[in-house]
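First comes the structure, then the notes that go with it.
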Amino acid sequence: MQKELLEEKLKDPLYAMRHSAAHVLAQAVLEMFPEAKLGVGPVIDHGFYYDFQLPRALVPEDLDILQEKMQKIVNQGQTFERDEQEPEKVVAFLEKMEQPFKVELAKEFAADGQAITFYKNINKDGETKFIDLCRGGHLENTKEIGAFKLNKIAAAYWRGDQTRPQLQRIYGLCFEKKEELTAHLNMLVEAAKRDHRKLGQELEIFMLSDEVGAGLPLWLPNGAILVEEIEKLAKEVEFNGDYQRVRTPHITKGSLYHKSGHLPYYAESMFPPMKIDEEEYYLKPMNCPHHHLIYANRKRSYRELPMRLAEYGHCYRFEDSGALFGLMRVRSMCMNDAHIYCTPEQFESEFIQVIEIYKHYFKIFGIDKYVMRLSLHDKEGLGKKYVNEPKLWLETEEKVRTAMQKSGVNFVEVAGEAAFYGPKIDVEIYSAIGREFTLATNQLDFAIPKRFELTYVDSDGKEKTPLCVHRAPLSTHERLIGFLIEHFAGAFPTWLAPVQVAVLPVGEKFAEYAAEVAAVLKAKNVRVWIDESDESLGKKIRNAEGKKIPWMLVVGEKEAAEKTVAARSYHTKKQDAIALADFAENVAQEIAERRLPEKA
């Protein structure tokens with residue numbers, strides 16, 4: 001399956017363009033640094049990168065120089081030519097070229113019995129200007145490369161191993177048309193403004209501390225409100241969906257994870273064990289095994305199914321330090337988890353209901369673009385990466401495929417990315433500026449219920465094994481809030497905003513009425529802040545807008561006399577005079593309905 005996927009990629013014109021651009025970059029680097037050692041240069045989303053060992057550290061100005069060199073190579077119309085050689089000759093050639101990283105790769109390819117191919121860049125005079133170990137996927141000519149831009153320098157260990165040499169990675173963007181590149185660059189500028197790490201600090205949502213540890217976020221008061229509002233939403237939805245809430249501990253004996261199979265398959269992503277009373281305990285990396293034990297607490301009848309157990313369970317995963325990224329990749333996370341135990345006949349309905357929950361959340365958060373990826377197993381991974389049940393894999397994958405088709409949502413199929421115990425749906429969502437995020441997953445588990453000996457007594461009096469659906473439509477608090485910060489640029493809908501209304505008295509003598517306004521709003525459970533500073537009204541408005549508070553209520557002599565407020569919307573910038581009682585009623589309704597912000 002993986003080989004077939006690779007072959008499909010190699011036929012993709014955009015893949016070939018980006019791969020060709022990576023070779024042109026390497027050629028340009030060797031022109032600038034003849035002693036450079038080449039790492040790898042794969043295609044990635046929106047472009048490519050290439051790793052190099054260089055005689056000095058690169059600086060941003062080097063990207064401009066390399067960009068010019070690349071453009072000259074492109075303009076020369078060099079052709080890409082494939083060449084295949086015997087493994088021994090390839091290794092000897094690369095050793096002579098003093099390219100140790102390529103030698104390492106060539107020896108591995110040779111040991112696996114793989115054919116070893118090169119791609120050459122040849123100019124119009126027939127001279128070979130560049131040669132690279134490569135399996136292919138190239139254009140015929142460098143002039144066919146579209147619009148490209150070198151945009152970033154980063155550090156990277158050879159093959160991702162911190163014990164190996166550190167290389168310098170050059171990233172590039174590449175699109176078929178200049179307009180597409182320009183649009184993407186504009187998106188990156190906007191994304192930088194919306195960076196959840198920057199806004200998270202400015203809006204006092206979360207913090208990271210070396211004293212606590214990498215990847216272990218601390219929620220500040222404003223962030224805690226976001227967490228609580230999202231959890232409140234989930235609890236309402238799950239209550240209406242007949243879920244039952246449970247709670248499980250943060251640590252567990254290792255024997256439970258051996259039983260579930262997580263330790264053999266997942267050990268590298270778990271924190272090291274703790275020795276307690278001569279037994280090994282682990283920080284909980286997922287809630288699944290605990291929910292299975294709760295199901296198995298007593299005998300179950302088919303009349304109890306489907307049984308839906310839900311929990312916002314705190315989990316811990318040992319992510320590589322280089323992969324940690326704000327709230328998006330953390331080591332401590334609170335997951336919107338649930339497990340649905342059902343009969344085979346109930347599966348399709350249950351799975352579709354879960355998809356409907358996703359769609360409900362997408363509407364609330366204004367997520368207009370999304371795609372769901374049906375992740376399947378591959379035969380080569382059976383017994384290694386996946387539970388060795390070939391027949392069940394095919395049966396359950398077909399069940400999920402049919403349910404997805406009936407749900408009416410967009411989905412694509414991807415081989416080789418399933419969970420070790422069953423097929424899954426990975427949900428890709430796009431923010432307001434078109435940036436892609438992996439949000440959550442929805443999985444069908446046919447293997448673990450057997451391991452835990454989970455059963456139910458069916459209508460025929462026989463014990464049978466239920467299917468289990470793992471679902472987490474709101475992902476983790478950390479990842480979802482990171483996404484929402486960027487999606488809304490920190491300007492949250494009123495229901496979600498940490499401070500929903502700012503009361504801005506125009507002078508100290510109106511402090512009493514400002515307090516009255518705040519009391520009326522608090523009586524309706526609206527989160528209010530009074531700006532009691534000595535600043536001018538203009539400065540107070542700017543301060544409230546800097547905090548991205550949805551509503552600002554200006555109160556002065558006229559408002560105090562008439563029991564009104566001058567209500568100014570952060571989102572539309574409009575200001576209207578309105579009776580205090582009416583505004584309180586309106587904003588309470590806006591919050592209750594979880595409305596999206598109006599557009600200016």
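Structure notes:
- Output for segment 518-528, where each listed residue is over 16 Å from residue 492 (Cα atoms) and either surrounded by 12 or more Cβ atoms within 10 Å (Cβ to Cβ) or touching a Pro at 6+ places or on another chain (Cβ under 6 Å) (or both): 518, 520, 521, 522, 524
- With respect to the conditions (1) farther than 28 Å from residue 188 by Cβ; (2) surrounded by fewer than 18 Cβ atoms within 10 Å (Cβ to Cβ), residue 60 lacks only one, and its number is (1).
- Of all residues in segment 337-356, those being β-branched (Val, Ile, Thr), part of a helix (DSSP H, G or I) and either modelled with pLDDT of 95 or more or over 22 Å from the mean Cα position of the chain (by Cα) (or both) number 1.
- From 494, 465, residue being surrounded by 16 or more Cβ atoms within 10 Å (Cβ to Cβ) and under 30 Å from residue 403 (Cα atoms): 465
- Residue 303 being exposed (fewer than 13 other Cβ atoms within 10 Å of the Cβ), out of contact with any Lys or Arg (no Cβ under 9 Å at 6 or more places or on another chain), assigned to a helix (DSSP H, G or I) and at pLDDT 95 or above: yes
- Of all residues in segment 108-126, those satisfying the criterion of being modelled with pLDDT of 90 or more and over 35 Å from the mean Cα position of the chain (by Cα) are 120, 121, 122, 123, 124, 125, 126.
- Taken over segment 471-526, residues that are within 26 Å of residue 232 (Cα to Cα), more than 22 Å from the chain's Cα centre (by Cα), aliphatic (A, V, I, L, M) and assigned to a helix (DSSP H, G or I) amount to 4.
Residues checked against (1) in the same structural domain as residue 222 (by TED's automatic domain parsing); (2) touching a residue at least 60 places away in the same chain (Cβ under 8 Å); (3) closer than 21 Å to residue 495 by Cβ:
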{"position": "540", "(1), (2), (3)": "no, no, no"}
{"position": "543", "(1), (2), (3)": "no, no, no"}
{"position": "551", "(1), (2), (3)": "no, no, yes"}
{"position": "554", "(1), (2), (3)": "no, no, no"}
{"position": "560", "(1), (2), (3)": "no, no, no"}
{"position": "563", "(1), (2), (3)": "no, no, no"}
{"position": "571", "(1), (2), (3)": "no, yes, yes"}
{"position": "582", "(1), (2), (3)": "no, no, yes"}
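- Pick from segment 156-183, criterion modelled with pLDDT under 95 and of a type in the set (Ser, Thr, Tyr), ranking: surrounded by the most Cβ atoms within 10 Å (Cβ to Cβ): 157
So that you can scan it fast, the table gives a plain yes or no per residue for (1) part of a helix (DSSP H, G or I); (2) out of contact with any Leu (no Cβ under 6 Å at 6 or more places or on another chain):
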position	(1), (2)
152	no, yes
168	no, no
212	no, yes
223	yes, yes
234	yes, no
239	yes, yes
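- Annotation: residue 571 fulfils all but one of (1) in contact with a helix residue (DSSP H, G or I) (Cβ under 9 Å, 6 or more places away or on another chain); (2) under 30 Å from residue 194 (Cα atoms); (3) of a type outside the set (S, T, N, Q); the unmet one is (1).
- Any hit, segment 259-273, residues being more than 30 Å from residue 388 (Cα to Cα) and touching a Pro at 6+ places or on another chain (Cβ under 6 Å): no
- If you go through segment 370-394 and keep only what is touching a residue at least 12 places away in the same chain (Cβ under 8 Å) and within 13 Å of residue 421 (Cα to Cα), you end up with 375, 376, 377, 378, 381, 385, 386, 387, 389, 392, 393.
- Flag if residue 320 is acidic (Asp, Glu) and buried (at least 16 other Cβ atoms within 10 Å of the Cβ): no
- Considering residues of segment 235-249 that are touching a strand residue (DSSP E or B) at 6+ places or on another chain (Cβ under 9 Å) and exposed (fewer than 13 other Cβ atoms within 10 Å of the Cβ) only, the residue farthest from residue 304 (Cα to Cα): 247
- Every listed requirement among (1) in contact with a Gly (Cβ under 8 Å, 6 or more places away or on another chain); (2) modelled with pLDDT under 95 is met by residue 101 save one, (2).
- Residue ranges of helices (runs of 4 or more DSSP H) in segment 534-600 with at least 2 members farther than 23 Å from residue 485 by Cα and in contact with a strand residue (DSSP E or B) (Cβ under 7 Å, 6 or more places away or on another chain): 537-546, 580-592
The values are calculated or read from the model by the stated rules, or taken from the named source; none is laboratory data. Everything numeric in this text was worked out from a predicted model, so none of it was measured. We place every Cβ from the backbone using ideal geometry, glycine too, and count neighbours over all the protein chains shown.
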